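I have placed the structure first, in the form of structure tokens, so that the comments after it can refer back to it.
The values are calculated or read from the model by the stated rules, or taken from the named source; none is laboratory data. Please read these numbers as outputs of a predicted model, since none were measured by experiment. Note that each Cβ is placed from the backbone with ideal geometry, even for glycine, and that neighbours are counted across all protein chains shown. These area figures cover heavy atoms from the full protein model, side chains too; ligands, DNA and RNA do not enter into them. Shrake-Rupley method; radii C 1.70, N 1.55, O 1.52, S 1.80 Å.
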Amino acid sequence: MKLIFRTLLVALAALTIASTAFGQSDAEGSKDFPGITRMPNTFLQTYNHLKFDAYQFPIATVHNQYKYQSVEGEHYFIRYKVKSGGEATSALQEVRNYENAAKASGGQVVWDYFGGSGGQATFKLHKGSSEIWVYLNADTSQYELHIVVVQAMAQEVTVDATAMASSIADTGSVA
């Protein structure tokens, strides 16, 4: 009986440790954007990559209304979360870290805003001939990055007007 109790106790302790660590490592298949590091004591919770998409980047605040610029290209969404037991940072610290890093690499801070416990910023980077836009939405327990590498869309669909006209002339309709 004592052996069963000890075994259950060890199993319960192992589950407790595992549940504390659960969700504390990077999401499967995720990775940091090349050249942009993360804040200490964080893990990559959510990662999404689209080969072509658009994102509305805030670029100004006028009379408490945001002004946006749509940017098209390869889109990454990355959410970092502070690890359990890790030292939390303020939104201001997160935003200033990313802004300073962008400026140090020759980038430009386009816009930033602080309100309540959160902060936001948009900045542009240049890597070789590529233009990269980054939007940061930060608070004390997590922050998110939307990153768009500007590029033209690869055309994958064609329309052949001559073939459609020929089909109409031959059959009276287009399949």
Among (1) of a type outside the set (D, E, K, R); (2) loosely packed, with under 13 Cβ neighbours inside 10 Å; (3) modelled with pLDDT of 95 or more; (4) within 30 Å of GLU156 (Cα to Cα), where does SER30 come up short?
-> (2)
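Just wondering, is there one or more residues in the range 38-53 that are under 14 Å from GLU144 (Cα atoms) and in a loop (DSSP other than H, G, I, E, B)?
For the range 38-53, residues under 14 Å from GLU144 (Cα atoms) and in a loop (DSSP other than H, G, I, E, B): present.
This table checks each residue for (1) at pLDDT 95 or above; (2) of a type outside the set (A, V, I, L, M); (3) closer than 17 Å to ASP53 by Cα.
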| position | (1), (2), (3) |
| --- | --- |
| GLY85 | no, yes, no |
| ALA101 | yes, no, no |
| GLN108 | yes, yes, no |
| ASN137 | yes, yes, no |
Qualifying strands (runs of 3 or more DSSP E) (wholly inside the range 92-174; at least 2 residues being open to solvent by 70 Å² or more (accessible area, probe 1.4 Å)) = 108-115, 118-127
Checklist (1) within 28 Å of SER25 (Cβ to Cβ); (2) in contact (Cβ under 8 Å) with a residue 24 or more places away in the chain applied to ARG96, failing item | (2)
